Structures are given as structure tokens and as C-alpha cells.
Amino acid sequence: MPRLSGQENVSKKTYYIKYKFVRKWGVYMAKMIPDIDPCTIPNDGEKSFYTAASELAGDYTVLYSYKYKGDEFEKHEGQLREADFVIVHPSLGFVVVEVKQGDISYMNGAWHEYKKADYQPLHKNPVEQAQNAMYAILKQYTDKTGRKFPLKIKYAVCFPECSKISGQTPAELDLNSIFLNKDLENLEEKILDLFNAKEQKLQKEAVDILVNKILAPCFKVFAKLENRIEMHNQKAQRILTEEQDRILCETELDKRKIFLGGAGSGKTFLAMEKAMRLVKDGKKVFLTCYNKNLARLMFAGLSPNITAKNFHDFIEDYLQGQGVGLVTPSNPTELRTYFDDTLPSHVFDHFSILEDKEKFDSIIVDEGQDFKEHWITCLESMVKPDGELYIFADPNQSLFNGDIEKIKRIPLSKQRLTRNLRNTEVINTWVSTYAPGEQLKCSLPGGMPVSVFRWKTPKEERILIEDEIGRLVSQEVQLKRITILSPNTKEKSSLAGLDKIKSWPLVSIEEKHGNAIKFTTIRSFKGLESDIVFLIGLKEDTLVCSNADIYVGGSRGKFLLYVFCEEDWKR
């Protein structure tokens, strides 16, 4: 083995002692790619070398099981090759190390391993493997940069279960290129011997390119937030369609039924699809609900052969068409009585004496929890004796009606809807804490966290809202995907007087606008949904911030939910 000069010996020794010291105190450790538990490596020889390499100083980067394509002139062009280890140092260069476990010999121009009481030829020449990998890496660097690699390149073979060498090594392999078991105890010293212990000028840029662009490049496959929302909607639509078809087919023979399901279980879509199927069968169908916005926004695109209206709007229009003169009172107390009792009583009296042929074949009620018991009686008078009556309801969303338990006791067969087909799993879990009973099983796993922001003043809340909308816009999210829901009207919220949030238009859900942020109250948005919901203005101990309101508001958000609450809000 060639000896180093005295000066070179001093340099090597100083260099080694310096890094031995920092390693002892745990200041620097080699960067391992991949950084894994050596115990997970099945090959005992590679496991031993990985363990030793991980104790090198922090300037080293060690790559394990580096894969690369073979040369284009090889028999199998593009075939994947593998280097057991590549060790890189910014002032030395890189060395490729091929590891072979067991007893190894070189004779008659070929490598052998000891197996079954005899030496058997190795399938691959370990020196050639290391050489090929070394030159392949060098070529990749040159191709990538158009320059020569400025540091040294080396190859070596390691026999971690061997302790001695006898005989004459082949010409392409000197003793410094052979690592034995004892060398693993002082691996850095062995590497310095291999590189002749001469540090060169630090080449951090070249090594960064080698490691980060060639040996361990990083890439990610991603979608912008806008694209992710669209993919979520496509998946939700597919699942909804499949579940919808299953439920309606299974209950097709039931002429009178109550469907009970939590927010996101697809009740409105089931109601609309049921109406479409019935009208295709030639039925005279009435689809109704309590929420005017739900009827206006969701029912508008259905078949013109379906009578689809808010319950009270239908009654007023129908009675006026029959010449019944009714005056809408202005006094709030009288107005409540007018809608709760007067209108339903008049239409009940009318339909009760009407011939069956003039009545509806089928009546479908969405958001049935909002209906009073005698309203259901009114609807029963409007349908033929052998007609169909379907009610879709969520007891947890009973914001307007105290008769939900009475409606649940109506002597109709019941069907439970048990799957959430709208919200991500994260939102489904969050809103379920505000509703009693069993949590729906979510069909859309995963999802982004529910973001909760606390504020002290309305101004602080407004700034928080602006900031979060700005982040969404920066990710190319369309404004029309965002709906702001408040327990109160806009005039009583932190956004009072605004028709823009910064430069982004803010409109009510009654307004038609191609691409704007929408604002409405939680209760006005019941039965509807939005890709992104900002639930704002939450305070303790207010009538419009009940658990049911929070449940309704939060469950409107299909993909993202932001919650803005007063600082002392405990829920």
C-alpha cells in the first residue's frame, strides 16, 4: 500500500480528528438519503455499511440504493441499475461503494462467493458495478451542467463480513478501494485514504447540483386548490348519483315514507330526483319546502311539469288563482299567525272538497323538519287518497319548528340515511359534535382542517376574513365558491356597509352575479351548500348561535370550512 508523505499524514490526521470531535458531541451527522432505520434493511452487509455511514461527519451526504438507467448502448437500453451507496463530500468528491456480504474471492479473472461449501461465481462483477455507476453519475452531471465535475470521483467495494486480504488484487482495484469489517469502525479515515486525504477547494454549488438535481431530485405531483375543489365535486357527484339510485330503487314500492338523515346525506337531491322520476311516469307532482332560497335556487332548473315552490308561496299563489282574497298583515304577530295558521287553513278547506282528479298524484317535502304538524295535514289533503307522500327531514336542523317529534311519529314508514355525501370527512366530524345522535359515515375521506379564528372586535374579524379570502384568491379559487354565513344580517355583522371585501365583490344570495362572494344568514342558507363556507360572527349565549345553527352553518361547507368566533367563545 503506498504511503502518504509526512505533510499529507498531518493533514489527514488533523482533518480526521476535527470531525471525530464534532461527531462525538453530536454536532454534525451525515445526511442519509433515504433516512431510514438500518434494521429495516434486509441485507446484513448493507445494513452494517449504512450504520457506519450514518456516523460520518455532517459534511457528508450518503445515498443508499441509488437507481439509475443503464447506458443507451447496453443490450437492454434504459434498464435500471443500482449502486449500493454513493458518498458525497463538498471538498473531496464522490465515491460509489458496492457492498458484498459473505466470503468473497477473485480467481481466474472472475469474482466468487462462498456458498454451499464451495466458491460459486458471482452473477455480477462488483468492481464493474461500482465503476459503471460512477461513470453514469459523472455523465449525468456533465449532461445536466455542460461542465466537468470539479472534484474527484472514486469507486470502492466493501466486504463487511471479511477481515483480511491475501494474494494479489486485480489491476482495476487498489487496496484503498477495498473496505473490510475493521474499516467500518473508522469509515471516514478509510474514505480520506481513498481520496489521498487532500481536500480541494470547497465546491458547494457543484455538490448541491449533484445531490439535489441528479442523485436525490425532488418533485411533487399536485393540483391547485381550485382544481382540488373541482375534483372533490366530481367525486361527490358520482357517489351521490350511485347512492341516490340505490336508495330510490330500494324504496320504489313505498308510496308514503319519511326519509331521516343528517346534513349532507343528500336529502334535497333525493327529493328532486324522486320528483323527476315521478313526473316521467306521468304523475302530477308537487315539490315543496319551507326555505324560499332553497326553492328558488335548487328547484328552479327542474322539469316545468313539476310544481316546485316554497310552501307558503304556493298556497298564496294558488288561493289568489282561486279568487280567494287575502290581505297580508303588517303587524309581526299577525303576520306569523297568517303564515302559520291562516294560509294553511284556507288551502286545507279548499282541497278537502276538491275532486280527487284535481289533486296531486305525488307530494314531496324537503327539509320536512321545518314543517308544523298541521302543515303536513294540509299537504295530505292536497294529494289523492292513493297518491304518494314523501318527507325528507333532519331532526338536528329543526331551527324553525318545535313539532319535529310529532312529525317523526306520523304513521309512515321510515328510512334512515346514514352516509354523508357532501362534506369532507374532516368537516363531517367537526359538525357532528354540534348534533346529537349517531355521526354519519363519510363517503369522502380526508379533507383540509377546519380553520378557527378568534377575534376581539368586529374590525379584527373583518381583517381576518379579508386575509383568508386573499389566500384563497392567491390560489386561484373562484370567488363564487365562497359563501359567508352569519347568525345575523350583514348590517349587524362585521361586514356591515360593505359591497366589496378589498376589491372582491360581495353580494347577497338573491343577487345574480357571475363571480362574487355571497353573504347570507345561516338560517336563510339552510338546505343549500357551498364549496367554501366562512362561518362568521359566532358569539356565546345568543339565540341565533345555538348548536343547531352552528351545525347547519358548518355543514353547508363541502370542501373548506372557516370559523370566526369571539375570543371567549367556548364551543
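Give Thr337, Thr288 a once-over and let me know the one that is within 50 Å of the chain's Cα centre (by Cα), among the β-branched types (Val, Ile, Thr) and surrounded by fewer than 20 Cβ atoms within 10 Å (Cβ to Cβ).
Working: Thr288 fails: surrounded by fewer than 20 Cβ atoms within 10 Å (Cβ to Cβ).
Sole residue among the options that is within 50 Å of the chain's Cα centre (by Cα), among the β-branched types (Val, Ile, Thr) and surrounded by fewer than 20 Cβ atoms within 10 Å (Cβ to Cβ): Thr337.
Just wondering, is there one or more residues in segment 520-536 that are in a loop (DSSP other than H, G, I, E, B), crowded, with 23+ Cβ neighbours inside 10 Å and at pLDDT 95 or above?
Within segment 520-536, one or more residues are in a loop (DSSP other than H, G, I, E, B), crowded, with 23+ Cβ neighbours inside 10 Å and at pLDDT 95 or above.
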Original post:
From the list Leu472, Leu535, Leu528, which residue is touching a Gly at 6+ places or on another chain (Cβ under 8 Å) and either within 26 Å of Asn423 (Cα to Cα) or of a type in the set (Phe, Trp, Tyr) (or both)?
Top reply: Leu535
Subject >> Subset of segment 417-454 (residues that are in contact with a Ser or Thr (Cβ under 9 Å, 6 or more places away or on another chain) and basic (Lys, Arg)) >> reply: Arg419, Arg422, Lys441
Original post:
Only one of (1) in a loop (DSSP other than H, G, I, E, B); (2) in contact (Cβ under 8 Å) with a residue 60 or more places away in the chain; (3) aromatic (Phe, Trp, Tyr) is not met by Phe222, so which one is it?
Top reply: (2)
Original post:
Among the residues of segment 414-463, which ones are hydrophobic (A, V, I, L, M, F, W, C), touching a residue at least 12 places away in the same chain (Cβ under 8 Å), open to solvent by 40 Å² or more (accessible area, probe 1.4 Å) and outside any strand (DSSP E or B)?
Top reply: Val426, Trp430, Met448
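The rows are residues; the columns are (1) closer than 23 Å to Ser530 by Cα; (2) among the basic types (Lys, Arg).
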position	(1), (2)
Asp281	no, no
Asn291	yes, no
Arg296	yes, yes
Asn305	no, no
Gly323	no, no
Original post:
Within segment 46-64, how many residues turn out to be open to solvent by less than 30 Å² (accessible area, probe 1.4 Å), within 16 Å of Gln101 (Cβ to Cβ) and of a type in the set (Ser, Thr, Tyr)?
Top reply: 1
**OP:** Please determine, by comparing only the residues of segment 145-197 that are small (Gly, Ala, Ser), outside any helix (DSSP H, G or I) and buried (at least 17 other Cβ atoms within 10 Å of the Cβ), which one is modelled with the lowest pLDDT.
**Re:** Ala197
Original post:
Between a first residue in segment 289-313 that is over 19 Å from Val383 (Cβ atoms) and charged (D, E, K, R) and a second residue that is in a strand (DSSP E or B) and open to solvent by less than 30 Å² (accessible area, probe 1.4 Å), which pairs have beta carbons less than 6 Å apart while being 6 or more apart in sequence or on different chains?
Top reply: Lys292/Asn310
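Of the residues Gln131, Gln140, which single one is among the polar types (S, T, N, Q), open to solvent by 60 Å² or more (accessible area, probe 1.4 Å) and outside any loop (DSSP other than H, G, I, E, B)?
After applying the criteria, what remains is Gln140.
Condition check ((1) in contact with a helix residue (DSSP H, G or I) (Cβ under 9 Å, 6 or more places away or on another chain); (2) aliphatic (A, V, I, L, M)) across all residues:
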{"position": "Lys459", "(1), (2)": "no, no"}
{"position": "Leu479", "(1), (2)": "yes, yes"}
{"position": "Ala496", "(1), (2)": "yes, yes"}
{"position": "Ile509", "(1), (2)": "yes, yes"}
{"position": "His513", "(1), (2)": "yes, no"}
{"position": "Ser524", "(1), (2)": "yes, no"}
{"position": "Glu529", "(1), (2)": "yes, no"}
{"position": "Ile532", "(1), (2)": "yes, yes"}
{"position": "Ile536", "(1), (2)": "yes, yes"}
Original post:
Does Leu260 satisfy being in contact (Cβ under 8 Å) with a residue 60 or more places away in the chain and either in a loop (DSSP other than H, G, I, E, B) or at positive phi (or both)?
Top reply: no
Subject >> Candidates Lys512, Lys539, filtered to the one that is open to solvent by 10 Å² or more (accessible area, probe 1.4 Å) and under 25 Å from Glu567 (Cα atoms) >> reply: Lys539
Original post:
Looking at Tyr119, is it of a type in the set (Ser, Thr, Tyr) and either within 39 Å of the chain's Cα centre (by Cα) or part of a loop (DSSP other than H, G, I, E, B) (or both)?
Top reply: no
Original post:
What pairs come up if the first residue lies in segment 363-386 and is over 14 Å from Leu343 (Cβ atoms), the second is of a type in the set (Asp, Glu) and assigned to a helix (DSSP H, G or I), and their beta carbons are under 7 Å apart, counting only those six or more places apart or on different chains?
Top reply: Lys384/Asp356; Pro385/Asp356
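The values are calculated or read from the model by the stated rules, or taken from the named source; none is laboratory data. Note that the structure is a prediction, hence the values are computed from the model and not measured. Every residue, glycine as well, gets a Cβ built from its backbone with ideal geometry; the counts of neighbours run over all protein chains shown. The protein model used for the area step is the full one, side chains on, heavy atoms only, and it has no ligands, DNA or RNA in it. Shrake-Rupley method; radii C 1.70, N 1.55, O 1.52, S 1.80 Å.
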